[in-house]
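First the structure, in the form of structure tokens, and then the observations on it.
The values are calculated or read from the model by the stated rules, or taken from the named source; none is laboratory data. Predicted model only: the values in this text are computed from it and were never measured. Virtual Cβ from ideal backbone geometry, glycine too; neighbours counted across all protein chains shown.
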Amino acid sequence: MPETNLIIVESPTKARTIGRFLGSEFAVTSSYGHVRDLPKSKLGVDVEHDFTPQYIEPPRAKKAISELKAQAKKASIIYLATDEDREGEAIAWHLSHILNKTSAPLKRIAFHEITEHAVRQALESPRELDISLINAQQARRVLDRLVGYELSPFLWKKVARGLSAGRVQSAAVRLIVEREREIQSFNKQEYWSITAQFAADKKEFPALLQNLDGKTVDKFAFTDESSAKNIVDELNNVPAWQVAEVEQKKTKRSPLAPYITSTLQQDANRRLGYSATQTMMLAQRLYEGIELSEGSVGLITYMRTDSTNLAEKFLHEAQTYISQEFGSNYANGARRYATKSKNAQEAHEAIRPTDINRHPDAVKADMKTPEWRLYNLIWRRAVASQMPEAEFDGIGVNIAGGRATFRATGSRLTFDGFLKVWQEKREDSLLPEVKEGDKVKLVSLTPEQHFTEPPARYSDATLVKALESYGIGRPSTYAPTIGTVIARGYVERFLRRLKPTDLAFLVSDLLVEHFPEVVDYAFTAKIEGELDDIAEGKTEWVPVIREFYEPFKEHLTTKEQEVKRSDVNKERIIGTDPKTGLDIKVKLGRYGPYIQLGNGTDKEKPKFAAIPRSLTADELTLEQALKLIELPRSLGADIETGEEVLAGLGRFGPYVKRGDGYRSLKEPDDVLTISLERALEIFRTELPKSGTIAVLGKNPKTDTEISVKAGRFGPYVTDGEINATIPRDSDPKTVTL
């Protein structure tokens, strides 16, 4: 019997979630993502004929397409239910081309959350495909293909093969490189603060020096120890201190707006330590459906959005829930937040739970920890956004003596408001009750040295914030951009921050000098604005591409002739090897900078050494280079085994080696300075990523050797045939026969 209705979505999880509550009246299936794309092996854009994309059906999509066509033949109506943003609209459009020969009518439906109410509501009001959204996505895809496909070969010829450039990724790399240069050129400044400890009513409290002779003590009032100590000595001799002024002030703190894509990525990075990519991957699962005891449930609304709007239905439900759970004084009316983004277009609502009554604690047992932690964050932020301000009593006390005035401040939470749900670590800072004219006792004076700090390297959170503030990219592109620049070798994670590689400096400088428009922040933002205009139907997409591409192509042709590889990839001689008299040079290869000793001969190749990531090519000294050339170096012998221990640099970075065993070195361990004792400690405490951890002995029944090994999914015990996983809460080094 033929199916009456066929619903097509992007993912099997989404299909399973929708199928659970629609029942047998609908068949719900998945396209497994895009069914058409630009080819990987060629440009795939006809630049001579209005930049027409030459779409193909990727090999990976063949099976899904075949199954979709077979199901479509049985359907009387086909609903294209892909995501509501530009990418989702484009997938629906491609599906319409794939299924254009079917007799069943094609209808487009979109919803912001995967709930029965939202899906059935969408089914009642299908619409036509939005050609403006499709054109905007197509324009972005074509533009990015033109830049990447045309500019990357230029980098191959002038720098090294395998490099890539991109409209958004290159601007992001420039941001990271410029921040690193700020850090490198930063000159720290010394300054001192003076803190007093006073006592009143048998309670001690701190106060900071604020005024001398009626003038404000600024940050750099004391720039060395002697000037600070001179004031301390003087003030220690002041005979009496008294309260000069007491200021009391009630303050309020408002809740933050519910999450949009960028703020979710920032908060998940700061609070949970998740990368932007990890956050979006987890949010996708929460949106499409998590297996709970009741079945697959979509827990949050669509996660790619720059709108802080909340549905009226949710606002009403939130007030009811808050009143019931916390009391009517916590529910004093719905809060509506103005969207700050000038071009909020990716979706129509903020990220929120689909059901406010589904408390995080109620689903914790059914969820994996990373997913639950993100859901908990989203739920609390959305609920808190609908609660009243937190209220505080603030107090400021000025204490005068001699020619100095100190300032003490305190605060006390009087009504927690939204903080009831939005939990933060805080403590009241209380001061003793004093009034103007009261005498206080000086307990101690402490001068404290400080140094100004350089700007911090970007984290995922701060880079997303910077990209958003510059107008570079959109909610759907932030996480992929960070992932791309890391995958391309331009950026690496270092102590949870984004650090540019030497390759990033070279390529970014090259693009800034010769292709400034590609990495210009304002120009990149202008293009994003034009893509928004296309999405809103205000402009056509082909003229936007032509306006960019024609001068870009002409400029690229000129630069291919003008720029010489030797001008870009300059080798730097940093000194002479005292043993051989040969020059030591820093050069750049496909995998980054390296050191070369001499030029070699017909019979003998020159000696090479990689530069560890902890060092930069620009800052490398002759002393460091000489040590790198000599790697691997012997640290001595392990007294217990007699085996020599070596430290060296390999394809995957620095390591220590004992016998046949290797361990990778991680910061702050340095391959040039690590000691024998530290290397042996690493062997004692760290497990290898693969190989044998310990040999336990022989099985008395079979006489086969039983050992503990490290595998892809963790440590396990094996006799060569049977493997047994070691529980996560057990130490594999303590397992006995």
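A compact table of results
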{"read-out": "Lone unmet requirement of (1) more than 30 Å from Val177 (Cβ to Cβ); (2) at pLDDT 85 or above for Leu687", "value": "(2)"}
{"read-out": "Residues (of a type in the set (A, V, I, L, M), more than 23 Å from Ser411 (Cα to Cα) and touching a residue at least 40 places away in the same chain (Cβ under 8 Å)) located in segment 194-230", "value": "Leu212, Ala228"}
{"read-out": "When residues of segment 344-365 are limited to those that are acidic (Asp, Glu) and at pLDDT 95 or above, the one surrounded by the fewest Cβ atoms within 10 Å (Cβ to Cβ)", "value": "Asp361"}
{"read-out": "Options Ala118, Ala171, Ala200: the member that is more than 30 Å from Gln561 (Cα to Cα) and either in the same structural domain as Leu615 (by TED's automatic domain parsing) or in contact with a Phe, Trp or Tyr (Cβ under 7 Å, 6 or more places away or on another chain) (or both)", "value": "Ala118"}
{"read-out": "Residue within segment 451-460 that is under 28 Å from Arg270 (Cα atoms) and among the aliphatic types (A, V, I, L, M) present", "value": "yes"}
{"read-out": "Val173 vs. criteria out of contact with any Ser or Thr (no Cβ under 8 Å at 6 or more places or on another chain) and at pLDDT 95 or above", "value": "no"}
{"read-out": "Residues located in segment 1-57, provided they are part of a helix (DSSP H, G or I), over 32 Å from the mean Cα position of the chain (by Cα) and under 24 Å from Lys69 (Cβ atoms)", "value": "Gly19, Leu22, Ser24, Glu25"}
{"read-out": "Yes/no for Arg373 being in a loop (DSSP other than H, G, I, E, B) and of a type outside the set (A, V, I, L, M)", "value": "no"}
{"read-out": "Close pairs (6 angstrom Cβ cut-off, 6 or more residues apart or separate chains): farther than 25 Å from Leu208 by Cα in segment 403-430, of a type in the set (Val, Ile, Thr) anywhere", "value": "Val421/Val383"}
{"read-out": "Considering residues of segment 611-633 that are of a type in the set (D, E, K, R) and at pLDDT below 80 only, the residue surrounded by the fewest Cβ atoms within 10 Å (Cβ to Cβ)", "value": "Glu619"}
{"read-out": "Residue check for Ala75: modelled with pLDDT under 95, assigned by TED's automatic domain parsing to the domain that holds Asp50 and over 17 Å from Ser30 (Cβ atoms)", "value": "no"}
{"read-out": "Segment 634-678: number of residues that are at pLDDT 85 or above, closer than 30 Å to Asp583 by Cβ and of a type in the set (Gly, Ala, Ser)", "value": "3"}
{"read-out": "Unique residue being of a type outside the set (A, V, I, L, M, F, W, C), out of contact with any strand residue (DSSP E or B) (no Cβ under 7 Å at 6 or more places or on another chain) and either at pLDDT 85 or above or closer than 30 Å to Asp50 by Cα (or both) when the list is Lys585, Lys559", "value": "Lys559"}
{"read-out": "The one condition in (1) crowded, with 19+ Cβ neighbours inside 10 Å; (2) part of a helix (DSSP H, G or I); (3) touching a helix residue (DSSP H, G or I) at 6+ places or on another chain (Cβ under 8 Å) that His112 fails to fulfil", "value": "(2)"}
{"read-out": "Residue match in segment 460-472 (condition: within 30 Å of Tyr521 (Cα to Cα), free of Cβ contacts under 8 Å to residues at least 12 places away in the same chain and of a type outside the set (A, V, I, L, M, F, W, C))", "value": "yes"}
{"read-out": "Qualifying positions in segment 225-263 - farther than 30 Å from Lys439 by Cα and either among the aromatic types (Phe, Trp, Tyr) or in a strand (DSSP E or B) (or both)", "value": "Lys252, Arg253, Tyr259"}
{"read-out": "Search result, residues across segment 245-299 that are over 16 Å from Thr354 (Cα atoms), surrounded by fewer than 23 Cβ atoms within 10 Å (Cβ to Cβ) and among the β-branched types (Val, Ile, Thr)", "value": "Val246, Thr251, Thr263, Thr277"}
{"read-out": "Number of the exception - Arg179 against (1) touching a strand residue (DSSP E or B) at 6+ places or on another chain (Cβ under 8 Å); (2) surrounded by 16 or more Cβ atoms within 10 Å (Cβ to Cβ); (3) touching a residue at least 40 places away in the same chain (Cβ under 8 Å)", "value": "(1)"}
{"read-out": "Selection from segment 596-617 of residues that are farther than 22 Å from Pro668 by Cα and not basic (Lys, Arg)", "value": "Gln596, Leu597, Gly598, Asn599, Gly600, Thr601, Asp602, Glu604, Pro606, Phe608"}
{"read-out": "Index of the failed condition, Leu129 passing every other in (1) assigned to a helix (DSSP H, G or I); (2) among the hydrophobic types (A, V, I, L, M, F, W, C); (3) at pLDDT 95 or above", "value": "(1)"}
{"read-out": "Check on Glu116, touching a Ser or Thr at 6+ places or on another chain (Cβ under 9 Å), within 30 Å of Leu299 (Cα to Cα) and among the charged types (D, E, K, R)", "value": "no"}
{"read-out": "Qualifying residues in segment 138-160 (those that are of a type outside the set (Asp, Glu) and in contact with a Lys or Arg (Cβ under 6 Å, 6 or more places away or on another chain)) - the one modelled with the lowest pLDDT", "value": "Ala160"}
{"read-out": "Residue in segment 635-651 that is assigned to a helix (DSSP H, G or I), surrounded by 13 or more Cβ atoms within 10 Å (Cβ to Cβ) and touching a residue at least 12 places away in the same chain (Cβ under 8 Å) present", "value": "no"}
